[in-house]
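Peer 1: What follows is a single structure, and I will ask about it in a moment.
Please treat every number below as a calculation from the coordinates, not as lab data. In this text the structure is predicted, and so the values were computed from the model without any measurement. All Cβ positions, glycine included, derive from the backbone under ideal geometry; neighbour counts span all protein chains shown.
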Amino acid sequence: MHGPVAIVAAMHEELSALLAQMPDEQRVRVAGRDFWVGHLQGQPVVAVLSRIGKVAAAVTATVLLERFGVRAVVFTGVAGGLAPGVRVGDVVVATELLQHDLDASPIFPKYEVPLMGLSRFVADRAIGDALSGVAAGVLRDPVALTGRAAVEEFGLQSPKVHRGLLASGDRFVSTTAESEALRRDLPDALAVEMEGAAVAQVCHDYGVPFAAMRTISDRADDEAHGDFARFVSLVASRYSLALVGAWLATLPAVS
């Protein structure tokens, strides 16, 4: 399959880290967004900031598919941990994605996308397996990845990789009451964020492989308002660069 790989970042710091490693990026502006076309690890890529929320992310994904003809979309960003054992500094690679704030009942079952008969969108297994494999290797040495000070500040001594359900919604989940409600309604959800399921739905409609990889920045509870920007700068941006780069390096060379 031809075409570039889309790397979609959720935060400016993550996108900047990726762009710094692209030797030949060229900006293309579409729909008020900057799409950066170039190469990373020798692979043709289009890197872009998703913007925040499901509608903004869906627009970004649609432009990637219509204008740039990407062959796969990989989303990297942060998320709040929900499931027990999903801790700050861990990585979640999605197997499925669902919109936790979608409810057209009683006409349609809760969470089901009207007229599609689907509530969960399956992420690409091959890309997910590859991302999980490189993540497990990279996370073995968190000090080399982020520096000792960040490891000690955020408690990153033994980061783990998790596979499972990501829940997306148009709100930043930042209270214990909200996170407990989500765990009760979606007991298999590993983490919560604001874009992934929308991008997954667009990719499903176009038949293009999609994968999502999220670094856990908080536990989506009353402490989630902590130094979020500092975590993104010191930890999440470095995770994204290392993991995306390591995955791209595994792909066959494109002539």
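Peer 1: So what is the relative contact order for the chain, in percent, with contacts set as C-alpha pairs under 8 Å and at least six apart?
Peer 2: Here the relative contact order equals 29 percent.
Peer 1: Next up: In angstroms, what radius of gyration and Dmax does region 5-248 have, counting Cα atoms only?
Peer 2: 16.9, 53
Peer 1: Here's another thing I want to ask about it. Given the DSSP H assignment, sum -39500 (n - 2.57) over each helix run of at least 4 residues in the chain and divide by its residue total; what's the result at 222 nm in deg cm²/dmol, nearest 500?
Peer 2: Taken over the chain, the calculation gives -9500 deg cm²/dmol.
Peer 1: Within a Cβ distance under 14 Å of S119, other residues only, what is the Lys/Arg minus Asp/Glu net charge?
Peer 2: -4
Peer 1: For the chain, what are the DSSP H helices with axial Cα length of 18 Å or more and mean Kyte-Doolittle hydropathy of at least -1.0?
Peer 2: Details: long enough: 54-67 (19 Å, 1.01); 125-138 (19 Å, 0.99).
Counting only whole DSSP H runs, the qualifying helices are 54-67, 125-138.
Peer 1: Place a +1 charge on the Cβ of each Lys and Arg in the chain and a -1 charge on the Cβ of each Asp and Glu, then give the dipole magnitude about the Cα centre in debye, rounded to the nearest 20.
Peer 2: Dipole magnitude for the chain comes out near 520 debye.
Peer 1: Here is a follow-up. Please give the length that would be gained between F108 and R71 if that part of the chain were fully extended, namely 0.36 nm times their separation in residues minus their C-alpha to C-alpha distance (nm, one decimal).
Peer 2: 10.1 nm
Peer 1: Dipole of region 101-162 (Lys/Arg Cβ +1, Asp/Glu Cβ -1, origin at the Cα centre): which of V143, S105, F121 lies farthest to the positive side?
Peer 2: Most positive-ward Cα: V143.
Peer 1: Could you pull out the trypsin sites (Lys or Arg not before Pro) across region 161-255 that fall in loop regions by DSSP (anything but H, G, I, E, B) with no more than 13 other Cβ atoms inside 10 Å?
Peer 2: Here the trypsin sites (Lys or Arg not before Pro) that fit, given the DSSP loop and packing criteria, are R171.
Peer 1: Put +1 on the Cβ of each Lys and Arg and -1 on the Cβ of each Asp and Glu in region 1-70; which of A61, L18, G38 then has its Cα farthest toward the positive end of the dipole?
Peer 2: Positive-most Cα among the choices belongs to A61.
Peer 1: Only Cα pairs within less than 10 Å get springs; with that Gaussian network setup on the chain, which residue of A236, A177, A135 has the largest fluctuation?
Peer 2: A177
Peer 1: Considering every Cα-Cα pair within region 175-255, what fraction, in whole percent, is farther apart than 19 Å?
Peer 2: Details: 1850 of 3240 pairs.
Across region 175-255, Cα pairs with separations above 19 Å total 57 percent.
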